[in-house]
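The values are calculated or read from the model by the stated rules, or taken from the named source; none is laboratory data. All of these numbers come straight from a predicted model, not from anything done at the bench. As a convention, Cβ positions derive from the backbone with ideal geometry for all residues, glycine included, and neighbour counts pool all protein chains shown.
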Amino acid sequence: MSNPPVIIFAYNRIEALNKCVDTLAACPESEVTDLYIFVDGPRNESEAEKVRDVVRFARSVGSQYQFRSVSVEESTVNKGLACSVIEGVDYVINKYGSAIIVEDDLEVLPNFLGYMSDALSRYEAEKEVFSICGYTNKVRIPADYMYDAYFCTRSSSWGWATWADRWNTVDWTFERWEEWKRERAGFNSWGGSDCFSMLDACRKGENSSWAIRFCFAQYLQKGVSLFPVRSLVTNNGFDGSGSNCRKWSRFRHEMGDSSKTEFKMPDNVTINRSLYRSAMSYHGLLIRAWSKIMYALHK
């Protein structure tokens with residue numbers, strides 16, 4: 001029996017990719033998992049050697065680790081993260097029907113693949129579940145909450161998974177903008193006060209976020225995402241080397257129990273209001289304003 005495929009998106013950080021692969025390989029399911037590594041091309045000649053080092057390491061993964069198979073896709077041009085993700089996920093997910101996606105600055109717990117695989121299987125027929133997330137911000141867990149995961153509206157791109165039928169509903173263009181721009185209040189209410197401004201900035205070319213477009217598709221379809229109550233992923237991109245991460249972040253998490261092998265998933269696709277409020281507090285206006293000050297101090 002095979003596990004859903006795993007996709008890693010890499011660029012010019014060989015140490016980060018090495019750690020990411022190390023932690024994925026520590027998952028027992030790695031031996032029955034097909035791994036795809038997409039390496040973006042350099043932006044300029046000064047980055048070329050670093051990218052070549054990453055490619056060389058990626059091509060050695062199959063002989064160093066016990067994945068079922070390893071495929072390396074090297075771009076000769078710099079596509080940028082958004083284009084790389086959209087094209088790479090398209091390629092893999094339509095071959096397998098589902099996929100687990102990580103970026104090279106993420107490290108996962110040994111039970112990450114088991115959790116992701118179980119959740120993909122458990123909720124495949126529940127079409128309102130749009131994605132499975134392995135990362136969660138630190139949330140206040142109600143004393144009487146009996147599950148190891150919870151549902152929330154806005155998804156996370158720090159270690160996630162979805163199915164082809166959900167992925168293929170995303171409109172990556174802005175041809176319907178005249179219709180979409182009427183969704184400002186609704187989108188912000190659904191996912192946080194920064195949602196629509198991020199979407200509009202993407203339309204204007206001020207960012208190239210694939211994730212905000214994915215979230216918008218989820219919003220339009222009234223979808224939810226599944227999160228573990230404690231994170232199975234940590235993001236090491238806040239050292240200043242990540243493409244879309246700064247050296248300071250308002251997002252905080254606490255790691256789960258790495259020895260846990262079975263997760264009790266919610267029986268019904270419903271949102272627990274207490275967990276929802278706790279998770280969404282990271283996207284409020286006041287904390288975003290404080291974040292802008294801290295970002296300026298930690299450039």
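Below is a table of values for the structure above.
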| quantity | calculated |
| --- | --- |
| Single residue of Arg52, Arg59, Arg43 found to be without any contact (Cβ under 8 Å) to a residue 60 or more places away in the chain, surrounded by fewer than 16 Cβ atoms within 10 Å (Cβ to Cβ) and in a loop (DSSP other than H, G, I, E, B) | Arg43 |
| Selected residue (criterion: farthest from Asn235 (Cα to Cα)) from residues of region 249-265 that are of a type in the set (Ser, Thr, Tyr) and modelled with pLDDT of 90 or more | Thr261 |
| Test: Phe196 is under 26 Å from Ser98 (Cα atoms) and either modelled with pLDDT of 95 or more or in contact with a Pro (Cβ under 9 Å, 6 or more places away or on another chain) (or both) | no |
| Members of region 20-68 found to be within 21 Å of Val85 (Cα to Cα), among the charged types (D, E, K, R) and touching a Leu at 6+ places or on another chain (Cβ under 9 Å), listed by number | Asp40 |
| Residues satisfying the stated conditions in region 66-118, i.e. surrounded by fewer than 21 Cβ atoms within 10 Å (Cβ to Cβ), in contact with a Phe, Trp or Tyr (Cβ under 9 Å, 6 or more places away or on another chain), in a helix (DSSP H, G or I) and of a type outside the set (D, E, K, R) | Leu81, Ala82, Cys83, Ile86, Tyr91, Asn94, Gly114 |
| Count - residues of region 1-38 that are over 16 Å from Asp53 (Cβ atoms) and part of a helix (DSSP H, G or I) | 9 |
